[in-house]
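The values are calculated or read from the model by the stated rules, or taken from the named source; none is laboratory data. The model shown is predicted, which means the values in this text are computed figures rather than measured ones. Methodologically, a virtual Cβ is constructed for each residue, glycine included, from the backbone with ideal geometry; neighbour enumeration extends over all protein chains shown. The area values use the complete protein model at the heavy-atom level, side chains included, leaving out ligands, DNA and RNA. Shrake-Rupley method; radii C 1.70, N 1.55, O 1.52, S 1.80 Å.
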Amino acid sequence: MAKYVILKHYRGAPAGVNDVPMDQWSERDVADHMKYMEDFADRLRESGEFVDSLAMSAEGTFVRFDGVGNPPLTDSAALDAKDLVAGWMIIDVASHARAVELAAELSAEPGKDGEPIHEWLELRPVLG
């Protein structure tokens, strides 16, 4: 078994087919999207392939150490183009091919008007 992280991005990835921001979806569209994600995770729990998942806000701050005695540095408008992770799911699967299969299925979650998003998801193996 090998662990992979499926990363969803607010921006930084190529645009999906149904690339309408969630704040422009109906309440029903959002509910259907969330249900799809929950049902997908439940199926993977049943198969033993689910490890963990998390959805995250579009708000974010980069922080870095700036030397002893200095306050931490945080990002600024100069870093506006940063990639924002919308969420992730960790899976534990038998092969890379299975990880690709699951990521592709997750990419078809419904978006605006119930149409599949066909969003680009980043699939990354977990080290160790």
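In region 95-127, what count of residues is obtained for those that are of a type in the set (D, E) and either touching a Ser or Thr at 6+ places or on another chain (Cβ under 7 Å) or under 22 Å from L84 (Cβ atoms) (or both)?
Number satisfying all stated conditions: 3.
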## Note on the structure
Checked against (1) within 17 Å of Y10 (Cβ to Cβ); (2) of a type in the set (G, A, S); (3) surrounded by 10 or more Cβ atoms within 10 Å (Cβ to Cβ), S57 satisfies every condition except (3)
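Filter region 78-103 down to the residues that are modelled with pLDDT of 95 or more and not in a strand (DSSP E or B) and list them by number.
Within region 78-103, A94, S95, H96, A97, R98, A99, V100, E101, L102, A103 qualify.
In region 19-46, which residues are of a type in the set (G, A, S) and either assigned to a loop (DSSP other than H, G, I, E, B) or surrounded by 13 or more Cβ atoms within 10 Å (Cβ to Cβ) (or both)?
Residues satisfying the conditions are S26, A41.
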### Task
Could you give me the residue pairs with C-beta distances under 7 Å whose first residue belongs to region 14-37 and is at pLDDT below 95, whose second residue is open to solvent by 60 Å² or more (accessible area, probe 1.4 Å) and not in a helix (DSSP H, G or I) wherever it lies, and which are 6+ apart or on separate chains?
P14/W120; G16/H118; G16/W120; V17/H118; N18/E115; N18/H118
### Query
With E115, E109, E119 as the choices, which residue is under 26 Å from V17 (Cβ atoms), in contact with a helix residue (DSSP H, G or I) (Cβ under 8 Å, 6 or more places away or on another chain), surrounded by 12 or more Cβ atoms within 10 Å (Cβ to Cβ) and acidic (D, E)?
E109
### Task
State yes or no: is S47 modelled with pLDDT of 95 or more, within 18 Å of the chain's Cα centre (by Cα), within 29 Å of A97 (Cβ to Cβ) and among the hydroxyl-bearing types (S, T, Y)?
no
